[in-house]
Amino acid sequence: MIKDYYQRELKKIKQLSKEFSLNNPTLAPLLREQNNDPDVERLLEGVAYLTSQIQLKMDRQLPDLIDELTELFFPQYLRPIPGSAILQFIPKKKLADRLLIKQNTEIASIPIDGTSCVFRTANDIIVEPVTINTIRYTETPQGNASIDIVCDLCGISLDNWSSNSLKFFINQPFNQACDTYYLLLHHLKEIVVSAESSPPLTLPPNMLQPCGFKDTDTLYPAKHTSNPAYQLIQEYLNQPKKFLFLELTGLKQWIHRSNTQQFTISLIINQVPSWFSDIQAQDFVLHAVPILNIFKHDAEPIYLNHKKFEYPIIPSGNNPNITIYEIKKITGYRQYAKQQIDYVHALDFDKHRKKNQYYTLHSRPSAVKDNKEWMLGFIYDFNDEIPSDETISVDLLCSNGNLASLLDIGDISRITDSSPENVTFSNITVPTSYIEPAFDDNRIWHFQSLLSLNFLKLMNKDNLIKIITLFLHEQGENRRINVSRLQGIVSIKPQSTRRLYRRSMIVGTKISMVCDPEYYGSPGDMYLFGCILNEFFAINAPFNTFTHFEMINVKTKEIWEWTPRLSNPDNI
């Protein structure tokens with residue numbers, strides 16, 4: 001076995017010397033392939049022998065297998081984090097009806113270094129023929145307040161507009177936006193929708209609901225094996241603004257409407273906290289959606305002659321600003337047999353698959369670049385048949401890597417083949433940074449930690465912090481802030497409880513978490529953190545149980561309480 005490793009390492013050293021000499025022409029004479037100096041040859045062979053032993057030892061510790069199992073059970077853990085932002089669509093005046101913009105609609109940016117970054121909408125979005133004219137915020141001496149959102153209709157009158165909902169994005173600096181988020185979900189008394197010559201419609205506060213927590217609201221592409229709890233944590237740690245959406249429903253109850261093109265949504269606040277700041281005219285945005293810097297791309301064709309252990313996957317086009325996010329599909333073409341083979345991953349356990357139709361994937365840090373390289377291998381039973389040579393086609397999901405983080409507000413505004421008509425669009429937030437997953441010797445233990453997670457372990461403060469920390473990246477722009485949020489957890493106390501549900505008693509857990517507000521950017525920041533943990537605990541709760549989460553301010557002793565959540569309401 002060591003001979004194979006030695007030959008592979010020696011070949012790799014010589015290949016890398018070629019690539020290094022191309023990037024360093026002044027050193028090229030010292031690195032030419034045909035070197036007549038036997039001492040240099042012995043030195044290279046000695047290095048190859050040492051590195052082959054190291055590689056063999058690493059392989060014996062099963063990192064490749066662990067990576068494949070992690071990709072199977074927790075795919076989001078090993079994938080890079082592409083840049084993301086919030087995009088706003090603005091309807092043109094000729095848009096007289098609602099417009100559905102499907103998930104994965106592509107939007108392009110202005111060129112940077114000759115490359116235009118491509119983003120995709122993370123969710124479906126409905127653009128209504130409505131724009132916000134102005135926003136007024138007024139307070140009374142009694143501590144009440146009103147947020148009046150004046151809306152204009154485009155190309156349609158109010159009596160002909162029949163939509164039931166509007167989704168708002170809180171477009172403020174993050175900590176201030178979290179405060180507004182808390183205000184509207186905790187201190188909203190009622191919602192009044194009014195227009196000239198029309199009787200007003202009064203809605204209860206529960207008609208304004210938070211968004212971003214449903215399975216259809218995920219930001220990063222999710223596989224069927226993905227753990228939604230980890231997906232939630234990863235999205236919050238890297239793009240928390242994704243959760244600053246609120247949806248107003250119940251507008252179809254407004255039956256008697258006049259023939260006008262303007263109406264007002266008044267959010268009546270019953271108590272304004274002393275720490276709450278003002279609301280400006282541009283702080284609420286309609287028709288916004290998270291976007292992610294990923295797009296479809298092809299890899300360079302691979303000639304499979306079955307003489308190599310693995311083959312590199314290289315994005316076509318030789319563009320250094322295109323990096324691989326995910327391998328979507330691998331297809332083999334046998335020209336002489338006129339046969340097409342759709343390969344599946346070896347760990348998919350598809351019992352209906354024939355032999356010789358499986359592949360393996362390994363990713364490792366690149367020796368010449370700052371990102372990782374993907375290696376493709378195939379599993380064959382050579383006792384069964386000798387496979388023919390093939391041409392392998394690989395469908396990829398790619399991103400533009402660090403290039404997308406150089407974009408500014410308004411730079412993502414170019415159309416593509418799938419861009420919608422009758423709307424204009426641009427990003428209203430700066431794209432987040434691109435993050436490569438860490439490659440370290442502890443990934444076996446990380447995998448074991450993720451695999452051994454259960455609900456009882458999450459009730460321990462140290463265990464909860466360790467699990468969430470696994471998804472914190474060293475180079476992440478929000479790392480310091482996220483670490484501070486975790487440090488703000490003082491204690492977690494679970495308590496068994498029971499509730500009557502549909503004439504049956506069900507068992508649940510009341511979770512009391514004490515937090516120190518000094519570790520959070522604002523009270524609203526601490527509240528949003530609680531919203532995420534409330535969802536996280538509910539997802540991880542055992543079947544046929546419920547969770548009742550509350551967060552206690554260690555300074556003021558104020559208690560924020562969330563509605564009890566059933567772990568699986570459809571199955572109870």
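Structural remarks
- Enumeration of residues in segment 479-519 that are assigned to a loop (DSSP other than H, G, I, E, B) and more than 27 Å from residue 437 (Cβ to Cβ): 502, 503, 516
- When the residues of segment 95-109 are filtered to those that are touching a Cys at 6+ places or on another chain (Cβ under 8 Å) and farther than 11 Å from residue 412 by Cβ, the one that is modelled with the highest pLDDT is 95.
- Leading residue by the ranking (nearest to residue 254 (Cα to Cα)) among those in segment 197-218 that are surrounded by fewer than 17 Cβ atoms within 10 Å (Cβ to Cβ) and hydroxyl-bearing (Ser, Thr, Tyr): 202
- Which numbered condition residue 252 misses (of (1) part of a strand (DSSP E or B); (2) under 25 Å from residue 216 (Cβ atoms)): (1)
- Residue check, residue 463 surrounded by 15 or more Cβ atoms within 10 Å (Cβ to Cβ) and at pLDDT below 90: yes
- Unique match (being surrounded by 15 or more Cβ atoms within 10 Å (Cβ to Cβ), more than 25 Å from residue 23 (Cβ to Cβ) and modelled with pLDDT of 90 or more) among 341, 412: 412
- Residue within segment 326-336 that is part of a loop (DSSP other than H, G, I, E, B) and over 30 Å from the mean Cα position of the chain (by Cα) present: yes
- Flag if residue 55 is modelled with pLDDT of 75 or more, closer than 28 Å to residue 377 by Cα and assigned to a helix (DSSP H, G or I): no
- Filter result (among the hydrophobic types (A, V, I, L, M, F, W, C) and farther than 24 Å from residue 217 by Cβ) within segment 514-543: 514, 515
- Members of segment 395-429 found to be small (Gly, Ala, Ser) and outside any strand (DSSP E or B), listed by number: 401, 404, 405, 410, 413, 418, 419
- Search result, residues across segment 148-186 that are buried (at least 16 other Cβ atoms within 10 Å of the Cβ), part of a loop (DSSP other than H, G, I, E, B) and either modelled with pLDDT under 95 or hydrophobic (A, V, I, L, M, F, W, C) (or both): 154, 156, 161
- Complete set of residues in segment 510-538 that are surrounded by fewer than 20 Cβ atoms within 10 Å (Cβ to Cβ) and of a type in the set (Val, Ile, Thr): 514
- When every residue of segment 479-497 is checked against the conditions, at least one turns out to be in contact with a helix residue (DSSP H, G or I) (Cβ under 9 Å, 6 or more places away or on another chain) and in contact (Cβ under 8 Å) with a residue 60 or more places away in the chain.
- Within segment 137-147, the residues that satisfy the criterion of being in contact (Cβ under 8 Å) with a residue 40 or more places away in the chain and assigned to a strand (DSSP E or B) are 137, 139, 145, 146, 147.
- Qualifying residue in segment 477-495 (condition: at pLDDT below 90 and either of a type in the set (Phe, Trp, Tyr) or exposed (fewer than 14 other Cβ atoms within 10 Å of the Cβ) (or both)): yes
The values are calculated or read from the model by the stated rules, or taken from the named source; none is laboratory data. Fair warning: this is a prediction, and the values are worked out from it, not measured in the lab. We place every Cβ from the backbone using ideal geometry, glycine too, and count neighbours over all the protein chains shown.
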